2 protein chains.
Amino acid sequence: MPRLRLALAQSNPIVGDFAGNSDKIVAAAREAWDAGADLLLTGEMALSGYPIEDLAAQPSFLRAARAAVDALAVRLAAEGLGDLVVVVGHPDGPFEPRLLGTSNAPTAIAQNCASVIQGGAIRARYAKHHLPNYSVFDEYRVFIPGDELLVLRMKGVDVAVIICEDLWRDGGPVGRVLDADAGLLLVLNASPYERDKDEVRLPLVTRRAVETDTIVAYVNLVGGQDDLVFDGDSVVVDGQGTILGRAPQFREHLLVVDVDPAPAEADHEAPPAVLRVEVDARGDEAGDLARDIAELPDDREQLWNALVLGLRDYVEKNGFPSVVLGVSGGIDSSVCATIAADAIGADRVYGISMPSRYSSEGSVDDAADLAQRLGIHYSVEPIGDIVAVIENQLGLTGVPAENVQARVRGLLWMAESNRNGHLALTNGNKTEVSVGYSTIYGDTAGGFAPIKDVPKTLVWELARWRNEYAVARGETPPIPQNSITKPPSAELRPDQTDQDTLPPYDLLDEILERYVSRRLGREDIIAEGYERVTVEYVAKLVDRAEWKRRQGAIGPKVSGMAFGRDRRLPITSRPAG
Amino acid sequence: MPRLRLALAQSNPIVGDFAGNSDKIVAAAREAWDAGADLLLTGEMALSGYPIEDLAAQPSFLRAARAAVDALAVRLAAEGLGDLVVVVGHPDGPFEPRLLGTSNAPTAIAQNCASVIQGGAIRARYAKHHLPNYSVFDEYRVFIPGDELLVLRMKGVDVAVIICEDLWRDGGPVGRVLDADAGLLLVLNASPYERDKDEVRLPLVTRRAVETDTIVAYVNLVGGQDDLVFDGDSVVVDGQGTILGRAPQFREHLLVVDVDPAPAEADHEAPPAVLRVEVDARGDEAGDLARDIAELPDDREQLWNALVLGLRDYVEKNGFPSVVLGVSGGIDSSVCATIAADAIGADRVYGISMPSRYSSEGSVDDAADLAQRLGIHYSVEPIGDIVAVIENQLGLTGVPAENVQARVRGLLWMAESNRNGHLALTNGNKTEVSVGYSTIYGDTAGGFAPIKDVPKTLVWELARWRNEYAVARGETPPIPQNSITKPPSAELRPDQTDQDTLPPYDLLDEILERYVSRRLGREDIIAEGYERVTVEYVAKLVDRAEWKRRQGAIGPKVSGMAFGRDRRLPITSRPAG
């Protein structure tokens, strides 16, 4: 059987940064060539970054993308890499609009493509067939689907090329790989991290490999992009379901793997709608068998790594020098500060303690203790005088006065952000945001919410894990034990605790998982055995939180991690069911 | 020729309010029956409201929708309206998911349907074929397309039923109306207002009527729904292109029109994939020829009406008692206050003047003058003492100090919102929001932005128009002349005017129209003849404003009018082109 050496470039592009992304691809091509590879495969849209959203509707952006792929071909040849076959993902266009709609607005003018480069030229191009338009994906909105399959013949092997969702669809291009007699299937992907996704993705890749009796080379992007994190975890699986190679999660990596695909029958005819292109193989022989198989860490470490990378890339890709956040001594701000220190280094993290007359001595001590353990910058800015002048002038009491405390804190860290260029972090967790246990323009003020997709019970679990992880390495546990064990409190009035107004967090998170994430109705949840009075109370909190946002702010829409998008709902509505 | 009396129910539903929306349809059915109509036609999804976004992914919501349409059929018969043919729009489901995607999340489980009710039962159901997924539409995300055409035979006439986008697609169901030999085409729509859309929509309806030689009855929803406004403007056009009936814009209306469609050939066979259903016609004869043709007002009056209805429905459908806004004496807040008074009545509008040491005497006088002309509630809350304590404690100067002034104002009206339940309005116009001439969590704080889609030059034009409109009616012009004529200023430092840092507004708005709304690249705009230095400066302001939002707030995402959605962009990106 012919042997092919594959190199999978698991890269971390910046959306729209064609020059920087091209540099990464050229560097990967050089490393691949030096390692004896025949072919380099990038992730989906590695040249432009992903997702590009409505940049795909901007003709000048598409012209820039096309110029970048042409320039990449020329540059690879000029740098002595012309014999390497490079399969690169990028958007292409502008094309004639797919359709004109009711508002007479043009619809999609772009395609989601993979181009095959060799000898300084584009040899062939594949356009993605299946455009996902659910959860976090909006591709059908901005792309025109392709309808042709691409097969490269290389060293006598037929090599098919498809993109991401194409692999998942029964009856999609994968079915036609069999007809096309391909021995190797290349898949370019931009597949975001979700908890437990490795329990879905690898089995799917394996199933496809086995059912088509084809070697599947699956390359994914890596890196944070707004509220998505791509985890990498690129993999090569043979037709018996054996893993031949696997890249580590959450970092850039060039995965070099040797494969021995079945050769094509020389007289096999290409089926209709299949473009078959002959590409040259390099003349010299590769050395020893290349194998590279990473192990995945456990679930909590994966999640922590996702949170860290998501924040790091939001900071670095946007060019922020540093971050600022309020540190209260509570669990949420302690975990956010630790994520920030792990992401960009403690010397770029600024914590501000902003005690009021309701803040306990212990809270201020816990905040100072956290800052010292992490080594972050720390300052104390009491809010009493400012709150007093506002309360007195307006004659405020009760909840409106509690909101003023939170808003004065938000105002203080936004002032620090404006003065020093810090990115402002907001510490709300998913539970708190869902039930509205927060103040609009107060504690919700900020540009990035590191734990907005982490339920409260999981915040505690992560805190304990992070401390154990430190201990196992002989390091100081970053999070004060007291912040983990004390009863959570907003400290906006005397002796307040979260459980004064909220059900126990373990029960609350179970109900929120059903009501918010899985979109079950109240009756559906009660039918699962939860108490009616609790379900109705939680549902009322969620609906009320949405109503309060309508009244004062549509949001708090901050960037942050979204492992799946829970709800995209009309604002003005009276939902039934 | 057979005569049919059609009744088109141009109704204003609330999303998810099945009970209230059913009441409206029953009331329209009674009025139609009493007026001698054979058939009542509602707008698209009139039973559920539109758009329902991801409520379409919630099985309990779909079950409630199906129960509501079944109950509607029973109720119509029980109330003596069983002989009337009622064609009603609603979502249907849950169905098996269209597909399972890469994240293993189910995709669409709903269809966008029209059901034909007669004799207490659902006689037939049509599912929309073409699901728009561009601009403000996301239907392909949440609906499964239909593939069958529906034809009712009634008084010997073949009556085809389609939904909205189906009408716009060349090669769509409209083409098959000819094959189906229909004499009458019923179209259920949810078509939002855009400036000058009447120059597109009516010609399209007319063209379809003429090219199929069919009478087209086109009914649209009316009302505000979050950042959309449906304008109504339902119309009936015959095969010669003559308008037989037209409903007024921006209010509910039952349009009753007689039509004389060509009868079907008795032996004409239904083409494949066409469901033909026989429905009964009422026995008695209708009276005199029914005709009802409204005139459209001019462009500025239409726009004003759209802004007023958009705010009114956001307030009323969400159940807010009143609104609060800052009134500075400037043009933006004056126009917003006037829209609010027109929308919900002056006695539900609370204006607060919040002068600082930089506010001119004239500004405070203009704000008081506006409040008196409108008759709204008015109070003065100086911010000097609050700003002083913050500036002193933090040692702030320059732009961070200017931002504090704006944020203290936002804090004050949010406190009033919290205390009294007012909806908070934010006064930013489209120009200001685009170039970031505003403070995050300051003047941008609020739940609804009445003029967020109105460029500054158009704000002035509307102000002048509204005053002329008042004068023509012998009323007091609401907006002080001084607010219209004085140079605009943020008044955050001495002698500041907008033109210190921004190009002249007429030039700025022209460039923003191209860079933001039409998605042209810098070079494209320069090629149109605009000065390079100005284009690059404006583009830099827009990009910088987006960057500042990344740093401190992803937003300010507030609800408000969106006549088309300009950009849906990645946050983290370096856009080329």
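Given the criteria touching a residue at least 60 places away in the same chain (Cβ under 8 Å) and more than 9 Å from chain A (Cβ to nearest Cβ), does B:VAL380 qualify? In short, no. Kindly establish whether B:GLN372 is surrounded by fewer than 22 Cβ atoms within 10 Å (Cβ to Cβ) and either within 14 Å of chain A (Cβ to nearest Cβ) or in a helix (DSSP H, G or I) (or both). Yes, satisfied. Checked against (1) over 21 Å from A:LEU412 (Cα atoms); (2) among the hydroxyl-bearing types (Ser, Thr, Tyr); (3) free of Cβ contacts under 8 Å to residues at least 40 places away in the same chain, A:SER353 meets all criteria but (1). Within the option set A:LEU502, A:LEU569, A:LEU492, being modelled with pLDDT of 85 or more and either of a type outside the set (S, T, N, Q) or in contact with a Ser or Thr (Cβ under 9 Å, 6 or more places away or on another chain) (or both) holds for one residue only, A:LEU502.
Would you mind stating whether B:GLU402 is under 30 Å from B:TYR515 (Cα atoms), assigned to a helix (DSSP H, G or I) and within 11 Å of chain A (Cβ to nearest Cβ)? So B:GLU402 passes the test.
Being over 30 Å from A:LEU309 (Cβ atoms) and small (Gly, Ala, Ser): is that true of A:ALA266 here? Spelling it out, A:ALA266 is indeed over 30 Å from A:LEU309 (Cβ atoms) and small (Gly, Ala, Ser). Checking each residue in the stretch B:349-361 for being surrounded by fewer than 22 Cβ atoms within 10 Å (Cβ to Cβ) and either touching a His at 6+ places or on another chain (Cβ under 9 Å) or of a type in the set (A, V, I, L, M) (or both) picks out only B:ILE352. The conditions of being under 26 Å from A:ALA343 (Cβ atoms) and either open to solvent by less than 10 Å² (accessible area, probe 1.4 Å) or touching a residue at least 24 places away in the same chain (Cβ under 8 Å) (or both) are not met by A:ARG208.
From the set of residues in the stretch B:229-255 that are open to solvent by 20 Å² or more (accessible area, probe 1.4 Å) and among the charged types (D, E, K, R), which is farthest from the other protein chains (Cβ to nearest Cβ)? The residue in question is B:ASP238. Within the stretch B:31-43, not a single residue is surrounded by 21 or more Cβ atoms within 10 Å (Cβ to Cβ), out of contact with any Leu (no Cβ under 8 Å at 6 or more places or on another chain) and of a type outside the set (Ser, Thr, Tyr). Starting from residues that are of a type outside the set (D, E, K, R) and open to solvent by 10 Å² or more (accessible area, probe 1.4 Å), keep the ones in the stretch B:14-30 and report whichever is farthest from the chain's Cα centre (by Cα). So the residue we want is B:ALA27. When the residues of the stretch B:405-423 are filtered to those that are in a helix (DSSP H, G or I) and in contact with a strand residue (DSSP E or B) (Cβ under 9 Å, 6 or more places away or on another chain), the one that is farthest from A:ARG549 (Cα to Cα) is B:ARG409. Among the residues of the stretch B:207-228, those identified as part of a strand (DSSP E or B), among the aliphatic types (A, V, I, L, M) and either closer than 15 Å to B:VAL257 by Cβ or more than 14 Å from chain A (Cβ to nearest Cβ) (or both) are B:ILE215, B:VAL216, B:ALA217, B:VAL219, B:VAL222.
Among residues that are at pLDDT 95 or above, under 27 Å from A:PRO480 (Cα atoms), open to solvent by 50 Å² or more (accessible area, probe 1.4 Å) and among the aromatic types (Phe, Trp, Tyr), A:TYR378 is included.
Of the residues making up the stretch A:303-314, just one is open to solvent by less than 10 Å² (accessible area, probe 1.4 Å) and facing another protein chain (nearest Cβ under 10 Å), namely A:TYR314. Of all residues in the stretch B:428-444, exactly one satisfies the criterion of being within 14 Å of chain A (Cβ to nearest Cβ) and over 21 Å from B:MET354 (Cβ atoms), namely B:GLY436. Annotation: A:ILE117 fulfils all but one of (1) touching a helix residue (DSSP H, G or I) at 6+ places or on another chain (Cβ under 6 Å); (2) within 14 Å of chain B (Cβ to nearest Cβ); the unmet one is (2).
To keep it simple, each residue is scored yes or no on (1) surrounded by fewer than 20 Cβ atoms within 10 Å (Cβ to Cβ); (2) at negative phi; (3) modelled with pLDDT of 90 or more; (4) touching a Pro at 6+ places or on another chain (Cβ under 6 Å).
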position	(1), (2), (3), (4)
A:ASP213	yes, no, yes, no
A:VAL216	no, yes, yes, no
A:VAL219	no, yes, yes, no
A:VAL257	no, yes, yes, no
A:PRO261	no, yes, yes, no
A:ALA270	yes, yes, no, no
A:ASP280	yes, yes, no, no
A:ASP284	yes, yes, no, no
A:ARG300	yes, yes, yes, no
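Restricting the stretch A:156-192 to residues that are within 11 Å of another protein chain (Cβ to nearest Cβ) and open to solvent by 10 Å² or more (accessible area, probe 1.4 Å), the residue that is modelled with the highest pLDDT is A:TRP168. Of A:VAL364, A:VAL335, all but one fail to be hydrophobic (A, V, I, L, M, F, W, C), open to solvent by 30 Å² or more (accessible area, probe 1.4 Å) and either under 26 Å from A:TYR505 (Cβ atoms) or in contact with a Leu (Cβ under 9 Å, 6 or more places away or on another chain) (or both); the exception is A:VAL364. Here the helices (runs of 4 or more DSSP H) wholly within the stretch A:427-530 that include at least 2 residues being open to solvent by 30 Å² or more (accessible area, probe 1.4 Å) and more than 24 Å from A:LEU411 (Cα to Cα) are A:456-472, A:481-485, A:505-512, A:522-527. State whether one or more residues within the stretch B:406-422 are open to solvent by 10 Å² or more (accessible area, probe 1.4 Å) and away from chain A (no Cβ under 13 Å). Checked against the condition, which is being open to solvent by 10 Å² or more (accessible area, probe 1.4 Å) and away from chain A (no Cβ under 13 Å), the stretch B:406-422 yields no hits at all. With respect to A:ALA57, is the statement that it is more than 19 Å from A:LEU6 (Cα to Cα) and open to solvent by 20 Å² or more (accessible area, probe 1.4 Å) true? Criteria met by A:ALA57.
Results for (1) at pLDDT 95 or above; (2) open to solvent by less than 50 Å² (accessible area, probe 1.4 Å); (3) among the β-branched types (Val, Ile, Thr), shown as yes or no for each residue.
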residue	(1), (2), (3)
A:PHE61	no, yes, no
A:LEU72	yes, yes, no
A:ALA78	yes, no, no
A:PRO106	no, no, no
A:SER115	yes, yes, no
A:ARG125	yes, no, no
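Quick check on my filter: what residues within the stretch B:193-203 are modelled with pLDDT of 90 or more and assigned to a helix (DSSP H, G or I)? Correct list: B:LEU202, B:PRO203.
The values are calculated or read from the model by the stated rules, or taken from the named source; none is laboratory data. Since this is a predicted model, take the numbers as computed values, not measurements. Cβ coordinates were reconstructed from backbone atoms using ideal geometry, including for glycine residues, and neighbour counts include every protein chain displayed. Heads up: the accessible areas ignore ligands, DNA and RNA and are worked out on the full protein's heavy atoms, side chains in. Shrake-Rupley method; radii C 1.70, N 1.55, O 1.52, S 1.80 Å.
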